[in-house]
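A quick write-up on the structure given underneath.
The values are calculated or read from the model by the stated rules, or taken from the named source; none is laboratory data. Just so it is clear, the structure is predicted and the values come from calculations on it, not from any experiment. Because the Cβ atoms are built from the backbone with ideal geometry, glycine has one as well, and the counts that use them run over all protein chains shown. The area values use the complete protein model at the heavy-atom level, side chains included, leaving out ligands, DNA and RNA. Shrake-Rupley method; radii C 1.70, N 1.55, O 1.52, S 1.80 Å.
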Amino acid sequence: MPIAAVQEERLSRRKNDAAFPLLAIEWCLDQAGIGPESLDAAVFYERPMLKFDRILTCALRAFPRSWRAFPKAMKNSLGEKVWVRGVISSYLGLPARKILFTEHHQSHAAAAFLTAPTRRAAILTADGVGEWTTLSIGLGSRRLDGASSITLLREIRFPHSLGMLYSTFTAYLGFAVNEGEYKVMGLASFGRPTLVDQVRRLIRRTPDGAFALELDYFEFHTTVQRSYSSRFIDLFGPPRSPYEPIDLNTAEGRRFADCAASVQRVLEDTLVDIARALRQETGLPDLCMGGGVALNGVANARILAESGFERLFVPPAPGDAGCALGAALYADRIHFDNPDRQVPDHPFWGPAVDGSALARLAHEDGQLCDELDDWELIDRTADDLAAGRVVGWMEGALEFGPRALGHRSILAAPHAAEMRDRLNRDIKYREEFRPFAPIVPIEAADRYFELPPGGARLARFMSGVFSVRPEWRTRLAAITHIDGTARLQTLERSMAPRLHALLESYGRRSGMPVLLNTSFNLAGEPIVNRAVEGYSTFRRSGIDILVAGGTRVVKRASSAAQKEKIACSRSVAR
């Protein structure tokens, strides 16, 4: 069973930190109370030499067009990752025999299936590219005798890739690849899929139910300079400069939104077709999805509604970060043939926040600070939210994965569109078209949101986008996207009891146990981990209240009394 998991960026404070994850390794070992010598194995999430084979082969196939990119590709490939066995051995002092490798999509499949509460399931993984594989389908089984198996049946290989198709449009629309894809999904709702026929020129379906990209429209397989070719520009028009804002009131802004809507529609249609065929082939009711493409909540909701699968499981970290957990589980269950054990069904595997550290920081900085018992803290926070204040909420262990699921969240009242605009402008510092997510107790979800069978499960880790019921949209304006949808999180009491109690307390005040929940970070920064990072974000943004553990800090400007002397006091427990 997993003991700890954390992304390097949350410790190093460098977003998408690609360096060797020494800080994360050290923290996980400390959390387990062991040294490297006690490890049975260290498992790397892909096979570096297979990846090198792909990079070298593609560079040679594209020569002479690839001659500019070839030296850089070789330098990158012949660096740390190709020799990763030696790097791991050097850092951890492990013998080579204890350093194991899984294939990239095996790691995705294991992270998706072996963490899900199901015993037999179909598996679908899709991303940009692993070693060669870009999409795979398979079967997972966890037998009553404790044996586990993952069988990958078929795959699609690079350069034919749904992830690369979507990332090419991400780059074309002026967003950072591997970072801005969710912006494309958000922008799509403002557009119309008027360019679907043009997008379908880029990707043709094959007789076996797969797909192939028309490579004349792309350059990602020949150069690192640009993802799309001149033919792509001829088809869709000039790309957006990353430095130019998208103005949806102009023809150019609407063109970009229509591009986003069109590639989103094609991605969804392709995934639904593949999933539907997999359902018919396997006859299984459950589907587990992994890979970066599984972060597309709009596509996930359509797969659940249209593929025939009764349940769709997406882990909280379906991308490459989750591959670390998947690789470890694959080695444990498949390589070492250890008996299956149910993985706890939550995302909270990282460092725990220290409320007393926040109290010290606030006291030194002259901010109003109280240390409260749970019930008083919940009551005061519910009052704050009902009064329109924005709350930074930190409790327990840090989430593993890209989304804040209730332990490192910014919370706010979900009712007024002005709250959405305030958060984008004064706190998140991001584009106005970006939506915010709601969080609701699972028992109340159907009242406010249109959930298909299995939808509440898909929403457990904020993995699906669903319609807000029309009668509630004006009262949930801050979390209702332009198309009437929301990327919902449903919360069971057992997963986050205190946050669940806060939702109920807020519901008693507002009549609706729904809150806006967005990740606790500023644009370009990782989600906060420790109290000091939460406090720094609190001081540099328009957040009014900060909660960490039992400590509550009120920013001076948000204190009604505006006392001249502010001290840290301890309230008497009720």
**OP:** Scan around LEU153 for amide H atoms under 5 Å from its own, H built in the peptide plane at 1.01 Å from N, and keep only partners 5 or more places away or cross-chain.
**Re:** ILE137, GLY138, LEU139
Original post:
Given H placed 1.01 Å from N in the peptide plane, which residues other than close sequence neighbours of PHE218 have an amide H under 5 Å from its amide H?
Top reply: SER229
**OP:** Kindly report the accessible area of the range 367-503 per residue (heavy atoms of protein chains, probe 1.4 Å, no ligands, DNA or RNA), in Å².
**Re:** 33
**OP:** With a ≥ b ≥ c taken as the square roots of the eigenvalues of the C-alpha gyration tensor of the range 297-365, please select rounded if a/c is under 1.5 and otherwise prolate if a/b is larger than b/c or oblate if it is not?
**Re:** oblate
Original post:
Using the Cβ atoms and a cut-off under 9 Å, what net charge is assigned to the surroundings of LEU187, where Lys and Arg are +1 and Asp and Glu are -1?
Top reply: +1
Original post:
Check GLY464: other-chain or 5+ apart residues with amide H under 5 Å from its amide H, H built from backbone geometry?
Top reply: LEU488
**OP:** Scan the range 1-66 for trypsin sites (Lys or Arg not before Pro) in coil per DSSP, keeping those whose Cβ has at most 10 other Cβ atoms within 10 Å, and list them by number.
**Re:** none
**OP:** Answer rounded, prolate or oblate for the range 92-158, using the Cα gyration tensor with square roots of eigenvalues a ≥ b ≥ c: rounded when a/c is under 1.5, else prolate when a/b is larger than b/c, else oblate.
**Re:** oblate
**OP:** For the range 1-51, give the percent of accessible area contributed by carbon and sulfur heavy atoms, probe 1.4 Å, rounded to a whole number.
**Re:** 54
**OP:** Quote the relative contact order of the range 419-528 in percent (integer), defining contacts as alpha-carbon pairs under 8 Å separated by 6+ residues.
**Re:** 33
**OP:** Would you work out if the range 384-480 is rounded, prolate or oblate? Take a ≥ b ≥ c from the square roots of the eigenvalues of the alpha-carbon gyration tensor; rounded if a/c is under 1.5, else prolate when a/b is larger than b/c, oblate otherwise.
**Re:** oblate
Original post:
Given [x] 29.9; [y] 26.9; [z] 43.0, which label gives mean projected area of the Cα convex hull in nm² as computed from the coordinates?
Top reply: [y]
Original post:
How much accessible surface area, in Å² rounded to 10, belongs to the heavy atoms of PHE63 with a 1.4 Å probe?
Top reply: 120
Subject >> Value of [θ]222 nm, deg cm²/dmol, for the chain, DSSP H segments ≥ 4, -39500 (n - 2.57) each, nearest 500 >> reply: -10500 deg cm²/dmol
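Ordering ARG85, ARG457, ARG447 by how much accessible area each has at a 1.4 Å probe, largest first, what is the list?
I get ARG447, ARG85, ARG457, largest accessible area first.
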**OP:** Determine the distance separating the Cα centre of the range 282-351 from the Cα centre of the range 5-68; give it in Å without decimals.
**Re:** 20
**OP:** Leaving ligands, DNA and RNA out of it, report the carbon-plus-sulfur percent of the accessible area of the range 87-163 at a 1.4 Å probe.
**Re:** 51
Original post:
By Kyte-Doolittle mean hydropathy of at least -0.5 and Cα axial length of at least 30 Å, which whole DSSP H helices of the chain are selected?
Top reply: 251-282
Original post:
Which pairs break 25 Å Cα to Cα here: LYS15/LYS555; LYS183/LYS555; LYS51/LYS183; LYS15/LYS183?
Top reply: LYS15/LYS555; LYS183/LYS555; LYS51/LYS183
**OP:** Excluding ALA110 itself, calculate the net charge of residues whose Cβ lies under 11 Å from the Cβ of ALA110, where each Lys or Arg counts +1 and each Asp or Glu counts -1.
**Re:** -1
